[in-house]
Structures are given as structure tokens and as C-alpha cells.
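Here the structure comes first, spelled out in C-alpha cells, and everything after it is commentary.
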Ligand code: AMP
């Protein structure tokens with residue numbers, strides 16, 4: 001028997017329509033590429049999104065067609081999110097930090113009809129245009145006064161497109177399972193693959209992530225997504241903020257500590273979201289200048305493991321409550337968030353901290369399990385790590401144009417490629433990417449745990465641990481660290497820091513200091529680059545610590561020492 005309830009499709013334009021109706025005077029503030037701060041309201045954003053929708057239709061953009069964007073977090077990008085999806089087309093956010101070859105591949109693979117770009121990417125677009133003949137027009141996201149002097153075919157200015165239209169437009173009815181957005185994720189091998197979000201998955205993700213145990217957003221919040229709108233839709237914040245009527249602050253291209261701090265203070269930011277590396281810059285700036293936040297009180301950090309020392313600094317020194325989140329492009333991205341339960345009020349602070357440091361428990365709408373190498377399910381005992389599989393309403397079933405073939409495991413589970421433990425309360429703790437796991441004597445060593453220990457050393461600013469071949473143990477961990485400016489920390493002192501902080505046989509066999517670590521286009525440590533760079537690293541043969549390390553490895557359980 002059917003229920004007697006209305007069946008109104010979940011759709012992206014409904015979010016901005018709602019924000020216009022119920023939060024029409026709430027502000028969207030952007031730091032522009034041209035320079036000044038731009039501010040307007042959800043009502044005005046909605047009006048301009050409808051004008052842009054008419055401009056797209058005038059250019060014959062059809063349902064399901066892809067429209068590319070190469071842009072920072074700003075109000076025109078925000079309008080594109082709604083106008084492109086709102087007419088039933090697909091907004092394809094392109095990560096400008098990728099290599100030119102990958103960018104050309106992505107634009108052509110997506111078959112983008114138009115590409116909208118921020119002025120800072122003009123040179124990039126000039127190089128790209130000859131390699132992307134299918135793009136009918138390149139739209140500079142600016143006004144005529146700032147039109148770039150570029151030699152681009154079919155160059156159009158965003159504001160000229162809008163000026164030719166009025167806002168007399170109603171969003172059409174859309175099938176909630178139809179596609180609204182596309183984002184490519186770069187795998188370790190092969191070409192980048194497109195994750196194609198639907199209206200339904202996007203709205204459900206936005207609804208759930210606003211909940212108190214996730215982003216904790218409401219109409220009193222002021223939210224600044226540091227995570228770029230070209231990386232998994234800024235973790236859904238441009239959808240979540242209008243859903244609840246939160247003021248939205250978009251930082252543009254200025255992601256350094258000083259510029260961000262100014263915006264946090266000037267706009268009264270209360271909530272944020274970003275990867276650990278951006279918080280490094282922010283913390284350094286605050287410490288160097290003896291500053292505190294006046295309004296900022298909570299943030300979600302994810303995208304890579306948030307080091308516990310960073311969480312502690314933000315909480316204890318700056319009064320910011322950090323929620324550790326985990327997810328991936330294929331999971332829209334937020335799948336888990338690390339927030340305590342009521343019963344944890346009774347446990348010791350040290351245990352509460354340990355729970356918060358895990359990647360968190362699944363949101364409603366996401367299920368999770370861990371399996372061994374043969375696909376057998378492992379217990380959720382918080383100790384045995386396994387391959388993490390997820391399933392849920394905002395988890396991908398495959399990639400755009402069938403790239404990679406059937407990716408789902410039996411039962412419709414998505415294999416994440418991450419390795420972790422799950423405890424009886426369902427808190428996930430990621431120990432590694434499966435390809436980064438270090439196998440020593442047949443057992444796994446968690447590179448993330450070792451990196452966290454290194455990072456907790458007061459003279460280390462960043463650290464990566466990779467596994468390198470070892471004649472006896474298959475692989476052993478090598479620590480690659482960046483020292484704070486002026487530090488004289490040496491190898492032995494850093495290795496001594498691990499004593500008592502982890503199992504003796506996990507302690508890295510060697511340390512290399514570098515000036516900086518390589519990162520991927522999404523801000524993660526590029527371990528592939530490090531493995532290539534240190535491929536020929538020679539393990540120390542005769543130092544005292546090498547002997548100690550060998551001695552320590554004798555602690556490995558007997559069956560692992562064969
Ligand atoms: P992406 O699709 O680029 O967002 O990358 C997703 C991957 O980032 C995941 O599969 C994890 O390997 C990693 N990741 C995301 N969040 C976390 C986290 N909180 N801790 C550890 N790894 C994470």
C-alpha cells in the first residue's frame with residue numbers, strides 16, 4: 001500500500017529556492033579574484049543563478065550536458081552550481097592543480113560544452129584550449145572591465161552573459177536520480193575517473209551533514225569552506241549552507257593564514273572545513289602573531305588524517321572543536337564524523353581524546369564494514385585492521401562512462417582502498433591506504449600512526465612514512481620529515497621520540513630530513529612521489545640505532561619473523 005504523502009523530487013535548485021524564500025536576506029560573502037570583497041544575499045544569488053540559467057539555455061545547453069568550471073570558492077562559482085544543475089545539466093568542477101595533460105584529458109572525457117574559468121587560470125586555459133576542440137566557449141568569470149587580454153577562441157565574459165538576460169525563469173521539474181555534478185578523482189594508476197553525483201544523493205548528503213554530530217550547521221552559523229569547490233564540491237557546503245540558511249563566506253584564491261584569519265574575523269565565521277595542510281598555515285600565522293579567534297568555534301578536518309597534535313592545538317590553544325571526518329570523492333564525500341556519544345561523558349578525558357582522534361562513525365545513510373584479503377568480514381573489535389567497504393545513498397556505483405568497469409564488491413559494497421579498524425561503537429580508524437600499508441615480516445605497520453607521532457614532536461612541521469624494500473623483513477618504514485625553521489633536530493633524537501609511543505618494531509629504521517614534502521592536487525601527501533624518490537635509499541648498516549632497530553624488530557611476534 002502506498003503512503004499518502006506528496007512525492008516531490010529532491011533537487012539541487014530547491015536548495016537555493018528555499019534559501020531565497022526563508023533566508024533571502026542572509027549574506028554570501030566572497031573574496032574576489034579581482035580584489036575587493038563582494039557581498040550579496042541568497043535572494044540576489046538566486047536571481048543571478050536564474051539569469052545564468054537563461055543564458056545557458058540560450059546557448060542550447062541541454063539536459064545531461066556537462067559544463068566545466070576552473071574556479072576558486074566565489075559567488076560566481078556558487079551561481080554556476082545552481083544554474084547548471086538547475087536546468088538539468090551537469091556542473092563539472094575541474095581541479096586546476098592537476099597537470100595540463102590530465103586537465104585536457106578530463107575536459108575531453110567529460111565532453112564539456114562550455115568552460116567557466118577564474119581570471120587566475122587564464123594562462124592555463126590558453127594552453128588548454130587548443131587541446132580541447134569540443135569546448136564551444138571559454139567564459140571568463142568576470143566583467144567586461146576585467147576581460148583578460150587572452151588569445152582564446154570564443155572568449156566570453158560572465159557578466160556579459162548575465163547582462164543579456166532577466167530572471168524570469170522557473171526551475172524545471174527534474175528527476176531526482178538524474179545527474180547534477182561531476183568530479184574527477186585521480187587514481188594511483190590510469191586516467192582520472194569521473195564521479196557523477198545525482199540530485200538525490202547531493203540533497204541527502206547536504207541534509208545529513210548539517211546534523212549536530214556532523215557539521216552542526218544552522219541559520220545562526222557563518223560557514224567558510226576552505227576546502228575548494230573544485231574538490232568534491234567543497235564537501236557539500238555550498239549545498240548545506242543554503243539548506244539551513246547559514247551565512248556563507250567564500251575565500252577565493254587567498255588560502256594563506258593571514259588572509260583566511262582576516263576573513264574569519266571580519267565576517268564572524270563560526271564553522272569551517274578543510275584538509276590538515278591548510279590548518280598548518282593558519283596555526284603558524286596565529287602563533288607567530290599571538291592571535292586568537294573571536295567567533296570561530298568548530299571545524300571538520302579530513303581529506304587526510306588529522307594529526308592528533310593539530311587537533312589538540314586547535315582545541316586547547318585556540319578553542320576550536322575539531323571533528324575528524326573521513327570520506328572520498330566517491331562518497332560525496334562525508335561518510336563518517338568523529339563526535340562523542342552521551343555515554344562518553346563518563347570516560348576519562350584521555351580516552352575521550354582517543355575516540356575523537358579516530359575518523360568517526362558512519363552518518364545515517366552510510367554503512368561500513370571491513371574485510372580481510374579474501375573478502376571475509378572482520379570483527380568490529382577496534383584492533384584488527386581490514387579493507388574498508390561502504391554502501392550508502394551518496395556512495396558511487398561506478399565511474400562516468402564506465403571507466404574502471406564494475407567496481408562494486410559483491411553485495412553492492414564500494415571498496416574504498418582504505419585500511420582501518422572499526423570498534424564496537426562503529427568508530428572507524430584509518431591506518432593506511434591499502435597501497436601505502438607497510439608490510440614488515442608479514443604484519444602491517446600503520447604509516448598514519450607513525451606520521452602522527454613524528455608530527456607531535458615540537459620541532460617537526462610535517463612528516464611522511466613510506467615502506468621500502470628490506471632484505472629480511474620485506475619492507476621497513478622510512479620516515480621523511482620537515483623540521484621547523486632553525487631546528488637542529490637530528491635522526492637519532494627523532495627516532496628516540498618514538499620510544500614508548502609505539503610498538504618497538506614499528507619504529508622507523510631511518511629518517512631523512514627534507515625542506516618540503518610533495519603533495520597531490522587535493523593536498524594529500526604524495527607517497528608515490530616519495531617512494532620513487534627514495535627507491536634507492538640504503539638502510540643504515542652499522543649505526544648504533546640500526547642495531548637497536550634490529551633488536552627492536554626482534555619484538556615482532558615470532559610467526560612474523562620467518
Ligand atoms: P579524495 O577522493 O581525493 O577525497 O581522497 C579520498 C581519500 O583520502 C580516502 O580514500 C582516504 O585515503 C583519504 N582520507 C580522507 N579523509 C581521511 C581521514 N580523515 N583520515 C585518513 N585518510 C583520509
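The values are calculated or read from the model by the stated rules, or taken from the named source; none is laboratory data. For clarity, every value in this text was computed on a predicted model and none was experimentally measured. Using ideal geometry, Cβ is built from the backbone for each residue, glycine included, and neighbour counts are taken over all protein chains shown.
Of all residues in region 471-485, none satisfies being outside the structural domain of residue 282 (by TED's automatic domain parsing), within 28 Å of residue 195 (Cβ to Cβ) and not in a strand (DSSP E or B).
Okay, residues lined up against (1) at pLDDT 95 or above; (2) under 30 Å from residue 14 (Cβ atoms):
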| position | (1), (2) |
| --- | --- |
| 125 | yes, no |
| 128 | yes, no |
| 139 | yes, yes |
| 149 | no, no |
| 157 | yes, yes |
| 165 | yes, yes |
| 168 | yes, yes |
| 176 | yes, yes |
| 187 | no, no |
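Of all residues in region 204-215, those satisfying the criterion of being part of a helix (DSSP H, G or I) and either surrounded by fewer than 22 Cβ atoms within 10 Å (Cβ to Cβ) or in contact with a helix residue (DSSP H, G or I) (Cβ under 7 Å, 6 or more places away or on another chain) (or both) are 204, 206, 207, 209.
Taken together, the residues in region 294-310 that are within 13 Å of the ligand (Cβ to nearest atom), closer than 19 Å to residue 461 by Cβ and in contact (Cβ under 8 Å) with a residue 60 or more places away in the chain amount to 6.
Do we find a residue being in contact with a helix residue (DSSP H, G or I) (Cβ under 6 Å, 6 or more places away or on another chain), assigned by TED's automatic domain parsing to the domain that holds residue 49, closer than 25 Å to residue 231 by Cβ and touching a residue at least 12 places away in the same chain (Cβ under 8 Å) anywhere in region 165-172? So far as region 165-172 goes, no, none of its residues is in contact with a helix residue (DSSP H, G or I) (Cβ under 6 Å, 6 or more places away or on another chain), assigned by TED's automatic domain parsing to the domain that holds residue 49, closer than 25 Å to residue 231 by Cβ and touching a residue at least 12 places away in the same chain (Cβ under 8 Å). Against the test of being crowded, with 22+ Cβ neighbours inside 10 Å and over 27 Å from the mean Cα position of the chain (by Cα), the options 49, 53, 71 yield a single qualifying residue, 53.
Kindly evaluate residue 536 against the criterion of being at pLDDT 90 or above, exposed (fewer than 13 other Cβ atoms within 10 Å of the Cβ) and not in a strand (DSSP E or B). So residue 536 passes the test.
Within region 216-223, identify whether any single residue is buried (at least 23 other Cβ atoms within 10 Å of the Cβ) and either within 16 Å of the ligand (Cβ to nearest atom) or at positive phi (or both), and answer yes or no. No, every residue in region 216-223 fails to be buried (at least 23 other Cβ atoms within 10 Å of the Cβ) and either within 16 Å of the ligand (Cβ to nearest atom) or at positive phi (or both).
Considering region 246-268 alone, what residues qualify as being crowded, with 21+ Cβ neighbours inside 10 Å and not in a helix (DSSP H, G or I)? Answer for region 246-268, where residues must be crowded, with 21+ Cβ neighbours inside 10 Å and not in a helix (DSSP H, G or I): 246, 247, 248, 249, 250, 251, 252. Is there a residue in region 438-449 that is part of a loop (DSSP other than H, G, I, E, B), out of contact with any helix residue (DSSP H, G or I) (no Cβ under 6 Å at 6 or more places or on another chain) and surrounded by 16 or more Cβ atoms within 10 Å (Cβ to Cβ)? Yes: one or more hits. For region 100-134, what are the residues that are touching a residue at least 60 places away in the same chain (Cβ under 8 Å) and surrounded by fewer than 21 Cβ atoms within 10 Å (Cβ to Cβ)? Within region 100-134, 102, 105, 109, 119, 120 meet the criteria.
If the condition is being over 21 Å from residue 426 (Cβ atoms) and within 12 Å of the ligand (Cβ to nearest atom), then region 311-358 contributes only 329. Residues that are within 21 Å of residue 251 (Cα to Cα) and in contact (Cβ under 8 Å) with a residue 60 or more places away in the chain number at least 2 in the following strands (runs of 3 or more DSSP E) confined to region 1-98: 27-31, 66-70, 90-93.
Regarding region 279-293, can at least one residue be identified that is buried (at least 20 other Cβ atoms within 10 Å of the Cβ) and within 15 Å of the ligand (Cβ to nearest atom)? Scanning region 279-293 turns up at least one residue that is buried (at least 20 other Cβ atoms within 10 Å of the Cβ) and within 15 Å of the ligand (Cβ to nearest atom).
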